[in-house]
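Bear in mind these aren't lab numbers, they're just calculated from the coordinates by the rules spelled out. Keep in mind the model is a prediction, meaning the values are calculated, not measured. Heads up, the Cβs are rebuilt from the backbone with ideal geometry, glycines too, and the neighbour counts pull from every protein chain shown.
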Ligand SMILES: NC(=O)c1ccc[n+]([C@@H]2O[C@H](COP(=O)([O-])OP(=O)(O)OC[C@H]3O[C@@H](n4cnc5c(N)ncnc54)[C@H](OP(=O)(O)O)[C@@H]3O)[C@@H](O)[C@H]2O)c1
């Protein structure tokens, strides 16, 4: 499967280039950077801090890259991912989207594009986090709302969105476990004083250092607390998940798929 990595100079873009290079059955045919980037023409591997040269140069022209690819791996920004979804649909190739905090018009553009091509979109591409979401859903289905659910997450100081996409997906897993379509979100703090509302899911966000991603889901009952946690120590788990998703989606009918579909954890 011939792959293009967009946002090649980003933290996840670099990890995705490394992941392609160590995965069998895939080939890196393009690495895209911002229009006018001073890195255009540099070796894609040096941007990804790989030891070996890929022999592939960074480009800022998406359309020629997409025309020779089978799939695009995209960890960029909501607006860019919406643009790349339209370009992927035009080129009739798979689009794997790891970008988080996609809502509103961008989500609509991606949903529209998925009527023409297979798109895999997930706030967390790792096997572990998807397994944790399934465990959280099962736990929420077994326990009633006398167990207060609190979701705590920590990420590096440069993360743009909060709570993380994974924390929100874990909240959604609680809702599904309880047979609801959504949950009431509480962000504890000065603006929400007083006793905790029964049935709400509380979110707490921490930002600092270089922490790649840590999520804890606590089910706090009368005299016991159940904790399900996931900690990532290397971005490669997300990048390898995205490459697996691209291989899985190649040849699939058009549609909007999740990592749960890819991993068979629904
Ligand atoms: N789903 C998952 O498993 C998962 C895991 C980790 C992170 N994420 C998400 O992935 C996204 C990226 O995270 P990150 O930590 O890699 O951020 P980052 O280091 O800021 O990387 C994003 C890169 O994309 C580039 N970019 C954006 N729009 C572009 C465009 N139109 N053309 C070319 N390049 C473009 C940015 O360039 P500029 O610097 O010029 O803007 C930047 O180099 C975030 O939404 C994050 O939450 C998802």
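For the chain, averaging the sequence separation of C-alpha pairs within contact (under 8 Å, six or more residues apart) and dividing by the residue count gives a relative contact order of 21 percent. At R0 = 35 Å, how high is the FRET efficiency between residue 68 and residue 134 if r is their beta carbon distance? Nearest 0.05 is fine. E(calc), rounded to 0.05, equals 0.40.
Judged by the gyration tensor of its Cα atoms, with axes a ≥ b ≥ c, the stretch 1-136 is oblate; a/c meets the 1.5 cut and b/c is at least as large as a/b. Tell me whether the stretch 95-139 comes out rounded, prolate or oblate; compute the Cα gyration tensor, take square roots of the eigenvalues as a ≥ b ≥ c, and use a/c under 1.5 as the rounded threshold. Prolate.
In the chain, the longest principal axis of the Cα atoms and the axis of helix 165-177 are about 50 degrees apart. Compute the angle between helix 11-21 and the longest alpha-carbon principal axis of the chain, please, reported from 0 to 90 degrees and rounded to the nearest 10. Its long axis makes an angle of about 60 degrees. Of all DSSP-defined beta bridges confined to the chain, some 35% are antiparallel rather than parallel.
For the stretch 144-251, averaging the sequence separation of C-alpha pairs within contact (under 8 Å, six or more residues apart) and dividing by the residue count gives a relative contact order of 36 percent. Residues considered: 101, 254, 180. Largest GNM mean-square fluctuation over the chain, using C-alpha springs under 10 Å, is found at 180.
Could you state the angle between the C-alpha long axis of helix 78-91 and the longest principal axis of the C-alpha atoms of the chain, as a value from 0 to 90 degrees rounded to the nearest 10? The angle comes out at about 50 degrees.
Taking each DSSP H run with n ≥ 4 as -39500 (n - 2.57) and averaging over every residue of the chain yields -10500 deg cm²/dmol at 222 nm.
Using a Gaussian network model of the chain in which every pair of alpha carbons under 10 angstrom is joined by a spring, one finds that among 17, 142, 110 the greatest mean-square fluctuation is at 142.
Using a ≥ b ≥ c from the Cα gyration tensor of the stretch 133-252 (square roots of the eigenvalues), is it rounded, prolate or oblate, where a/c under 1.5 gives rounded and otherwise the larger of a/b and b/c decides, a/b for prolate? Here the stretch 133-252 falls in the oblate category. Mind checking which of 98, 171, 189 has the largest fluctuation in a GNM of the chain, springs on alpha carbons under 10 Å? It is 189. Between residue 226 and residue 206, the simple spin-label model (points 7 angstrom out along Cα→Cβ) gives 2.4 nm.
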